[in-house]
Structures are given as structure tokens and as C-alpha cells.
1. Which residues, counting only those in the range 27-53, are open to solvent by 20 Å² or more (accessible area, probe 1.4 Å) and in a helix (DSSP H, G or I)?
2. I'd like to check something: does the range 223-239 contain any residue that is touching a Lys or Arg at 6+ places or on another chain (Cβ under 8 Å), closer than 20 Å to SER57 by Cβ and either among the acidic types (Asp, Glu) or open to solvent by 20 Å² or more (accessible area, probe 1.4 Å) (or both)?
3. Of everything in the range 62-86, what is surrounded by fewer than 17 Cβ atoms within 10 Å (Cβ to Cβ), assigned to a helix (DSSP H, G or I) and over 17 Å from the mean Cα position of the chain (by Cα)? Give them in sequence order.
4. In contact with a Ser or Thr (Cβ under 6 Å, 6 or more places away or on another chain), of a type outside the set (Val, Ile, Thr) and more than 20 Å from GLY202 (Cα to Cα): does that describe ALA68?
5. Name the pairs whose Cβ atoms lie under 6 Å apart, with the first residue in the range 119-141 and closer than 20 Å to THR199 by Cβ and open to solvent by 50 Å² or more (accessible area, probe 1.4 Å), the second acidic (Asp, Glu) and assigned to a helix (DSSP H, G or I), and 6 or more positions between them or separate chains?
6. For the range 4-25, enumerate the residues that are open to solvent by 20 Å² or more (accessible area, probe 1.4 Å) and at pLDDT below 95.
7. Answer with yes or no whether LEU95 is over 16 Å from the mean Cα position of the chain (by Cα), open to solvent by 40 Å² or more (accessible area, probe 1.4 Å) and hydrophobic (A, V, I, L, M, F, W, C).
8. Consider SER132 carefully, then state whether it is polar (S, T, N, Q) and farther than 30 Å from LEU95 by Cα.
Amino acid sequence: MLGTLAAAAGAGGSADPSAMAVIGGGDAVGYASDPKHPFQEARANSWATGTNPAVRSIYTRLLAANPAVRGRAFNFGSHDATVRDLPSQVRKATLLKTKPELVLVQILGNDAACDGKDETRYADFQARVTESLEGLATALPKARILAVGDAGTLDSYIKAVSSYGLGARLTHAGKGICSIFAPKTGKVVPEHVAYLRRTIDGYNAAFAAACKSVPTCRYDGGAARRIVMKPADLAHRYESLSVQGLAKLAAIEWKVLYG
């Protein structure tokens, strides 16, 4: 079943993964997606390895086709992870006794300093990601690596947050260069949005370039970034994905992997 689809997808490694892993940040661990615990990770809701049927994660989709993967979905993500945490996450994945045949990587989101100088850090970000991906590829030569970008278009995100009213907009208001909305009025600040857009584009381009340099890595081609965010896709404080949003991401990346 998966073998034919994986062959069509054109990536190296095992066609039917019997073990998988994810490394990365907040979306990988379902951060803030449980309304009862909005400031905690909810790994059952992970779009990659979660077990919540409402999400239909990559793992549960694999499990439906290949029972051998049961209990072999490893999540080394952390909601506050940055690119500097990648080496330790990679090391944990490569030291597994059961070697993953599919590794999902989504590390974007926490690296922007929003100090007006982010563009000076893209090269270093790319170098660090490249080094980690090369480490993965060397230690796990049979594994397919999928690099997943930030989820959602910026414009749809702004529209989704705005739909919740002034209170929601003020949650993201401030004078900082990455603050989308102005204090008190909650109006969109165009120059801040422009900087944020350039920054997101810059880090994602560096991420994609790092993946391109590693033969067994495949970038998702911007599939995650093209997701149109709806209000219900956002979790507490509108900074993370809800169960619905994580389910949407899982569906998109499954299509990237297997068509």
C-alpha cells in the first residue's frame, strides 16, 4: 500500500516505515492544543506522532497501513526548541535501538529575534540546520527526512486573529517590530507585518536550502506555509495550532509524503 505511494513520492529510504521520529518545536508536541492545559505540551495531539483520532497524525495514518509501526513513533520535540537544540534532538533520534525510517523535522518558529537584524542570522541558521540534517543522514542512511515549514500564511493568520475581536488583537499588540497590532487601537501595523513577512520568508528559505543540500532530505515545498488558517485552527492566545489546525497540518504533510 504505502510502498507504491512512497515510490511515487520519490524519496530515498524504506517505503513502509516501521519506525518514525519527529524533531522540532511547538507544533511537533501539540503545544497549547489542550484547552484544559493551555500552557503545556499535548503530545497526543502532535500532527506527527500523536494518538488523538481527531488529529489523524502521520503516525496513526501509517499505523492503519502498517501495524509494524505500532509503539514506534518517537517524539523528541520541545515547545521552546530553537535551532541550537537540534543537535541534541538529532542525537536522541540516532541513538534509538529501533532506527527510524522516517524522520520529520520542523524547527522553525522560535529563532526570530525580532530586533531588526534577523537577516544577519539566516546564514548561521542554515549552517546549523545543515549540520544537523547531515548528522541525521549519516547516522540513519536508510531514513527519509521530511523538512516541514511554518504552518499557515501570514495573511490568513492575521485575518483569523482579527476575527476574534479587539481583545484578541491586543494579545499580539506592542511596539516591537514583530508585533502585528498596535497597542490600544489593535490596528494592523503594516511595517511590522512587512518585517515579519521578510523574516519568516528568510528563515524558511534557509531551512529549505539546508534540506536541499542533504540527499535524503525533502522539503515540503512550502505546503505547510500555504495553509489558509481559520479562526478554529488557532489555540489559546492564538499563538499555536488547535487540534483542528494540527489535523489540517497532518493531512497536508501526509499528502506531501504519499500523494
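The values are calculated or read from the model by the stated rules, or taken from the named source; none is laboratory data. All values reported here derive from a predicted model rather than from experimental measurement. Glycine gets a Cβ as well: all are built from the backbone with ideal geometry, and neighbour counts include every protein chain shown. Each accessible area value is taken on the protein alone, full model and side chains, heavy atoms only, with ligands, DNA and RNA left out. Shrake-Rupley method; radii C 1.70, N 1.55, O 1.52, S 1.80 Å.
1. Within the range 27-53, ASP27, ARG43, ALA44 qualify.
2. Yes: the range 223-239 contains one or more residues that are touching a Lys or Arg at 6+ places or on another chain (Cβ under 8 Å), closer than 20 Å to SER57 by Cβ and either among the acidic types (Asp, Glu) or open to solvent by 20 Å² or more (accessible area, probe 1.4 Å) (or both).
3. Within the range 62-86, ALA64, ALA65, PRO67, ALA68 meet the criteria.
4. yes
5. Short answer, once both residue conditions are applied: none.
6. Passing the criteria: THR4, LEU5, ALA7, ALA8, ALA9, GLY10, ALA11, GLY12, GLY13, SER14, ALA15, ASP16.
7. So LEU95 passes the test.
8. Against the criterion (polar (S, T, N, Q) and farther than 30 Å from LEU95 by Cα), SER132 does not qualify.
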